Amino acid sequence: MHGAVVAADGFKSAAQETRREAVSLWANPDERNELIRTGVICLAVLLGVSLLVTLTGWFPVWLRILVIFATLGGLAKFLMSRISDSSDT
């Protein structure tokens, strides 16, 4: 049980740090435009993959779900790397 509490505290502190970074980046107009552009790219990729998976009905359900979650994970990693790269400059 203690491990779950430590993990929850770790997730909470990581979420708070990410929020602080995003808020500080959002205050800068150039960074805000970059964040919006990155968000649009992520949304377009997610919608494209979702449409592709929907149209390929011959995929087994588990494979379609795996593709969606892998895409979400990849996009989240991409977005977080863009945020951390932007905060370094």
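Within the range 48-62, can one find any residue that is within 18 Å of the chain's Cα centre (by Cα) and modelled with pLDDT under 80?
First, the residues of the range 48-62 that are within 18 Å of the chain's Cα centre (by Cα): 48-50.
Filter once more, keeping what is modelled with pLDDT under 80: 49-50.
There is at least one residue in the range 48-62 that is within 18 Å of the chain's Cα centre (by Cα) and modelled with pLDDT under 80.
Quick one: would you say Arg32 is under 17 Å from the mean Cα position of the chain (by Cα), within 14 Å of Arg82 (Cα to Cα) and modelled with pLDDT of 80 or more?
Considered against the rule, which asks whether it is under 17 Å from the mean Cα position of the chain (by Cα), within 14 Å of Arg82 (Cα to Cα) and modelled with pLDDT of 80 or more, Arg32 comes out as yes.
The values are calculated or read from the model by the stated rules, or taken from the named source; none is laboratory data. Just so we're clear, the structure is a prediction, and the values are computed from it rather than from any experiment.
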